[in-house]
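To start, the structure itself, in C-alpha cells.
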Amino acid sequence: MGRPSRLPGTAKIDQIVCHVDADCFYAACERLREPALRGEPLVVGMGYEPGTDSGAVATASYEARAYGVESAQAISEALEQLPRKIDAASRDDLDVAAAGFYRPVDMEFYESVAADVKAVLHEWADTVREVSVDEAYLDVTEQTSWDEVEEFASSLKAEIQERVGIVVSVGVAPTMSAAKVASDHDKPDGLVVVPPESVSDFLAPLDVEAVHGVGPVTADALREQGIETAGDLAAADPAVLERSFGQRGRRMYRFARGEDSRSVEPRGQPKSFSRESAFTEPTADREKQRQRVRTLASAVAQRAARRGVLYQTIGIKAVTPPFDVTTRERTLPGPAGDEALVERLALSLFEEFEGQQIRKLGVRVANLSFGSETQSQLQVWANEGQKTTSDKSDSRNDTHRQNECDERECEHNHEHEHEYERDVGQRTLSEFE
Ligand code: DCP
Ligand code: MG
C-alpha cells in the first residue's frame, strides 16, 4: 500500500478529501421508520409537547424549511410558520395543506442510523474522520483520482441511499475546510467537486458565513468591518483579524484563502464530552442562565452515559460579549457517572458568573474512563458526589481567558455538541477549549 509519508500535521500533496453530510438528518431518520412522512414538511425538535414552551427545532425537512422553519428556532416560532397538521385539521382558520408534522428527538435511533452510514464510509475509504452524528471527512486519495472522483462520490451517495435509505451531500476538495464548504454548497442531494486549481475561485464569491469556522455572530462582526464575502476575508489584513478574533481570526483567513494544512486523521477516543449553547441575545437573566446550565449538564451527562463513559473532571465555559471565554473546572478524586452531580457542580462553578451578561454557556466532562469501570465504582462516586467536590481534592482552575473558538469540529478529540448561535439542538461541533 504505502501512502506517501509526510510530516505530521501537514496535508498530503494532492490530498483528495470528501466531506459527507446527511441532508436534514434527524428528519431523514424519522422518514425511515415512518415512510408516510416522505415529501411532507417535518419538524424534529424537543420540548414542544403541550405545557412546555422552551422547546427548539433540532432540524426541519427541506419542505418545512420552505415555510421558514430552521434548526435552533423556538418551537413556538416554528409553529407560527408551520402549524401542526393535527391542529390545522380541526380549525377553520388553518390550512391543512400548509401545515406539517412534528416529531420528538430520538437520539438513540439516529445514532444507530449514523452507525450504518459510517459503516459504508469505512468501506469506501481507509481514513475516515467522523466529526458529528451526520458528517465525516474521508481521505480518498488512494481510492480515486481527480478525474474520477465525481463518479466515485456519486456511487458513494447511491450506496448510502440504497443500503441505509438516507440522502447525503458530498463535497470534494483538496482540503478539509474547502470540502466542508463544498458539501454545503448544493444541499440537499448535493455533489460538488472543487479541484485544486479552482479552490480560490470557488470560495471567493461565497458569503463570508459559508467559510468553515465562521458562525452567524462572527459573520455579523466581520460584516461590520466591511467583510462580506470569502474573497473579502481572503484579502483582509490577518493582523487586524487576529486583533478582533484571536487565533481564530488567522484561521478563518487561511480557510477563506483555501489554505488548510490539516490531513484527515481518524478520531481516537474522545478526551472530553461537551455541549454549548448560545442565547439569541446575550442575557443577564439568572434563571435563564441557570436553566441553560442545567439543560447542558444533563445533556452532557446523558451522552457520556449512553457511551458508558465515566468522567472525573467537570467544567463550565462562559462566553461574555464580545467573545471572551472563561472556563472553570473541578476534578473529583475518582471517576463518576451521575447526571445530578454534573448539574450540581456545573451550577456551583457557574455561580460567580450569574447575573453577568452571558452570550454562550458550555458544560464539559473530561478525564474520561472507558468501558472497564464497574457499576459499583460508578455508584460509589455518584453517591459520594457531594463529598468529592469539597476539601483539598477540589482543584479549581484559574480563570483563563481566550478568544472564543467556534470551529465547527473538534481538533483534539474533544467530542463536542454545539447549539449554534441560537438555541437548543444536538450535534457535534466546535472545540470547548
Ligand atoms: N442539530 C440540532 N440542533 C442544531 C443543528 C443541528 O439538534 N442547531 C441536529 C439535527 C440535525 C443534525 O444535528 O439533523 C445534523 O445537523 P446538520 O447541521 O447537518 O443539519 P441537518 O442534517 O438537519 O440538515 P442539512 O441538510 O442542512 O445538513
Ligand atoms: Mg446534515
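Values computed for the structure shown
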quantity	calculated
Looking only at the range 22-78, and only at residues there that are over 18 Å from M107 (Cβ atoms), crowded, with 21+ Cβ neighbours inside 10 Å and away from ligand 1 (no atom under 12 Å from the Cβ), the one that is modelled with the lowest pLDDT	A78
Subset of the range 21-31 that is touching a Phe, Trp or Tyr at 6+ places or on another chain (Cβ under 8 Å) and within 10 Å of ligand 2 (Cβ to nearest atom) - its residue that is farthest from V43 (Cα to Cα)	D23
Conditions (1) crowded, with 21+ Cβ neighbours inside 10 Å; (2) in contact (Cβ under 8 Å) with a residue 40 or more places away in the chain; number of the one not met by L222	(2)
Test for S263: is it part of a helix (DSSP H, G or I) and not acidic (D, E)	no
Residue match in the range 129-139 (condition: assigned to a helix (DSSP H, G or I) and β-branched (V, I, T))	no
One residue from E142, E108 being at pLDDT below 95 and assigned to a loop (DSSP other than H, G, I, E, B)	E142
Candidate set from the range 145-172 (those that are within 15 Å of ligand 1 (Cβ to nearest atom) and assigned to a helix (DSSP H, G or I)); member that is surrounded by the fewest Cβ atoms within 10 Å (Cβ to Cβ)	Q161
Test result for V170, modelled with pLDDT under 95, among the aliphatic types (A, V, I, L, M), within 16 Å of ligand 2 (Cβ to nearest atom) and under 21 Å from G258 (Cβ atoms)	no
Members of the range 200-252 found to be more than 24 Å from R359 (Cβ to Cβ), hydrophobic (A, V, I, L, M, F, W, C) and assigned to a loop (DSSP other than H, G, I, E, B), listed by number	A204, L206
Residues satisfying the stated conditions in the range 105-127, i.e. touching a strand residue (DSSP E or B) at 6+ places or on another chain (Cβ under 8 Å), surrounded by fewer than 21 Cβ atoms within 10 Å (Cβ to Cβ) and either over 28 Å from V43 (Cα atoms) or polar (S, T, N, Q) (or both)	H122, W124, D126, T127
Residue match in the range 280-290 (condition: at pLDDT below 90, of a type in the set (S, T, N, Q) and over 28 Å from T218 (Cα atoms))	no
Filter result (buried (at least 19 other Cβ atoms within 10 Å of the Cβ), of a type in the set (G, A, S) and closer than 29 Å to V300 by Cα) within the range 255-283	S263, S272, S274, S277, A278
Matching residues in the range 284-305 - criterion: being in contact with a strand residue (DSSP E or B) (Cβ under 6 Å, 6 or more places away or on another chain) and either closer than 22 Å to S132 by Cβ or not in a helix (DSSP H, G or I) (or both)	R292, L296, A297, A299, V300, R303, A304
Subset of the range 61-105 [under 25 Å from the mean Cα position of the chain (by Cα), free of Cβ contacts under 8 Å to residues at least 40 places away in the same chain and under 14 Å from L37 (Cα atoms)]	S61, E63, A64
Conditions (1) crowded, with 16+ Cβ neighbours inside 10 Å; (2) closer than 25 Å to V17 by Cβ; (3) modelled with pLDDT of 95 or more; number of the one not met by I227	(2)
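For (1) charged (D, E, K, R); (2) within 16 Å of ligand 1 (Cβ to nearest atom); (3) over 13 Å from G258 (Cβ atoms), each residue gets a yes or a no:
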{"residue": "K187", "(1), (2), (3)": "yes, yes, yes"}
{"residue": "S200", "(1), (2), (3)": "no, no, no"}
{"residue": "A204", "(1), (2), (3)": "no, no, no"}
{"residue": "E209", "(1), (2), (3)": "yes, yes, yes"}
{"residue": "P216", "(1), (2), (3)": "no, yes, yes"}
{"residue": "L222", "(1), (2), (3)": "no, no, yes"}
{"residue": "Q225", "(1), (2), (3)": "no, no, yes"}
{"residue": "G231", "(1), (2), (3)": "no, no, no"}
{"residue": "D237", "(1), (2), (3)": "yes, no, yes"}
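Each row is one residue, and each column tells you yes or no for (1) surrounded by 19 or more Cβ atoms within 10 Å (Cβ to Cβ); (2) touching a Ser or Thr at 6+ places or on another chain (Cβ under 8 Å); (3) more than 30 Å from E150 (Cβ to Cβ); (4) hydrophobic (A, V, I, L, M, F, W, C).
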residue: V192; (1), (2), (3), (4): yes, yes, no, yes
residue: L203; (1), (2), (3), (4): yes, no, no, yes
residue: T218; (1), (2), (3), (4): yes, no, yes, no
residue: R251; (1), (2), (3), (4): yes, no, no, no
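The values are calculated or read from the model by the stated rules, or taken from the named source; none is laboratory data. None of the values given here were measured: they were computed from a predicted structure. In this analysis, Cβ positions are derived from the backbone assuming ideal geometry, glycine residues included, and neighbour counts consider all displayed protein chains.
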